[in-house]
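Here's the structure we're looking at; comments come further down.
The values are calculated or read from the model by the stated rules, or taken from the named source; none is laboratory data. Note that this is a predicted model, so its numbers are computed, not measured. Methodologically, a virtual Cβ is constructed for each residue, glycine included, from the backbone with ideal geometry; neighbour enumeration extends over all protein chains shown. The protein model used for the area step is the full one, side chains on, heavy atoms only, and it has no ligands, DNA or RNA in it. Shrake-Rupley method; radii C 1.70, N 1.55, O 1.52, S 1.80 Å.
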Amino acid sequence: MPNIKSASKRVLISRAQNAKNKGEKSAMKTSMKKFEAAVAEGNREAAESAYKVAVKTVDHAATKGLIHKNNAAHKVSKMTVKLNSMA
């Protein structure tokens with residue numbers, strides 16, 4: 001246990017950030033991977049449904065401060081281009 005007050009505060013903050021990264025951020029990564037897999041398969045219907053979920057989780061991560069809003073916009077734009085390029 002830390003002896004200094006600021007160090008003990010950092011422990012609490014670190015635990016909170018770790019919980020966020022394990023929950024919300026991993027959900028975002030998983031949804032993006034599912035979208036990528038659907039695009040790689042060439043399954044348009046699965047890709048569209050995965051796209052909706054992925055965009056929702058990326059936007060949620062941006063509003064919660066896990067990623068920057070410009071990073072979220074970049075990810076969504078990249079996914080949109082991939083979805084639109086499917087035949």
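With unit charges on the beta carbons (Lys and Arg positive, Asp and Glu negative) and the dipole taken about the Cα centre of the chain, which residue among ALA38, SER85, ALA72 sits farthest to the positive side?
My answer, from the dipole projection, is ALA72.
On full extension of the chain, what length is gained from GLU24 through LYS56, given 0.36 nm per residue of separation minus the C-alpha to C-alpha distance?
Length gained between GLU24 and LYS56: 10.4 nm.
Taking the Cβ of GLY23 as the center, what net charge do the other residues with Cβ under 12 Å away carry, scoring Lys and Arg +1 and Asp and Glu -1?
Neighbourhood net charge equals +4.
How large is the charge dipole for the chain, taken about the Cα centre, if only the Cβ atoms of Lys, Arg (+1) and Asp, Glu (-1) carry charge, to the nearest 20 debye?
Using only the charged Cβ atoms, the result is roughly 580 debye.
When the accessible area of the chain is computed with all protein chains present and a 1.4 Å probe, what percentage of it is carbon and sulfur?
Whole-percent figure for carbon plus sulfur exposure: 55.
Which length gain, in nm to one decimal place, applies between VAL76 and ALA7 when the Cα-Cα distance is subtracted from 0.36 nm times their residue separation? Present the calculation step by step, with values, prior to reporting the outcome.
Working: separation 69, 0.36 × 69 = 24.84 nm, distance 3.74 nm.
So the chain would gain 21.1 nm between VAL76 and ALA7.
Through the Karplus equation 6.51 cos²θ - 1.76 cosθ + 1.60, θ set to phi - 60°, convert the phi angles of the range 32-39 into ³J(HN,Hα) values in whole Hz; use x for Gly and Pro.
Values per residue, Gly and Pro as x: 5, 5, 5, 5, 4, 5, 5, 5 Hz.
Please work out the average accessible area per residue across the chain, using the 1.4 Å probe convention, and give it in Å².
72 Å²
First select every other residue whose beta carbon is under 12 angstrom from the beta carbon of LYS82; then total the charges, Lys and Arg +1, Asp and Glu -1.
Once all neighbours under 12 Å are counted, the net charge is +1.
Kindly write out, for the range 81-86 in residue order, the coupling ³J(HN,Hα) from the Karplus curve 6.51 cos²θ - 1.76 cosθ + 1.60 (θ = phi - 60°), rounded to whole Hz, with x marking Gly and Pro.
Result, rounded to whole Hz: 4, 5, 5, 6, 7, 5.
Over all pairs of distinct alpha carbons, what does the Kirkwood formula give as the hydrodynamic radius of the chain, in Å?
Evaluated over the chain, this radius sits at 14.4 Å.
I'd like the Karplus ³J(HN,Hα) series for the range 57-64: coefficients 6.51, -1.76, 1.60, θ = phi - 60°, whole numbers in Hz, and an x wherever there's a Gly or Pro.
Using θ = phi - 60°, the values come out as 5, 5, 5, 5, 5, 5, 5, 7 Hz.
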